[in-house]
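Here the structure comes first, spelled out in structure tokens, and everything after it is commentary.
The values are calculated or read from the model by the stated rules, or taken from the named source; none is laboratory data. Predicted model, so just to flag it, every value in this text is computed and none were measured. Cβ: placed from backbone, ideal geometry, glycine included. Neighbour counts: every protein chain shown.
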Amino acid sequence: MEELIKFGCSTIISNDLNRLMRNMETQKITSLEKDQKIWFSMWFLGTIVTFGVVFFPMIYRLINNRNNYFKKEEALNKQITQHLQNQNEISLKTNKPLQKMNAKIWTVSIILIIPLFILTYLLTKDLVLHENEQDKFLTQLFPERIFMTQTIHIKTYIIITILTLGFGVIYWLYKVVNQYNAHYTAHLQVEKKISSLMEEQKIDK
């Protein structure tokens, strides 16, 4: 039975990874580190206890984690692409990097309330865009993968927020945090698998 590895919105067949590793040098994966997660329930409880004060550092950390992850992911894709091009292997189209968000400005701005809705929308849209772009990148490397989508209903969240006169943004933000956490966890498993395959190739040599 072939081992299946979930990656965000995809499942990659292990044999494809082995084929890729045979064409890559035995080097460490640049981005192999655990991404920081946010436990929304803990932060939300702290927000209630502190009358909203804790909400600001939560938003700052959420944005900062988002920036660090996308930067790390861009470096990993470039690392893989550059090596394969140097070895005259397949030519890959890299993902368009997502723009960095200013964590400090956005965190301070949510005191005006309206920016919170805009921020939540942007965070959701960025994750949807990233997973779609990442799937295109992986398709070039692993054409035989089994496709699995992570459901992110932006329109549904917007409708819920409108119908609840804005209070639905709390639920929306909760879902966004969980979706980012799920994506971080799934991607780390792929990074670990690629790294272990690199080490195996190094030992074999």
**OP:** Kindly indicate whether any position in segment 2-23 is at pLDDT below 75, of a type in the set (S, T, N, Q), outside any helix (DSSP H, G or I) and more than 29 Å from LYS175 (Cβ to Cβ).
**Re:** yes
**OP:** Give the residues of segment 114-135 that are touching a residue at least 24 places away in the same chain (Cβ under 8 Å) and more than 20 Å from the chain's Cα centre (by Cα), sorted by residue number.
**Re:** LEU116, PHE117
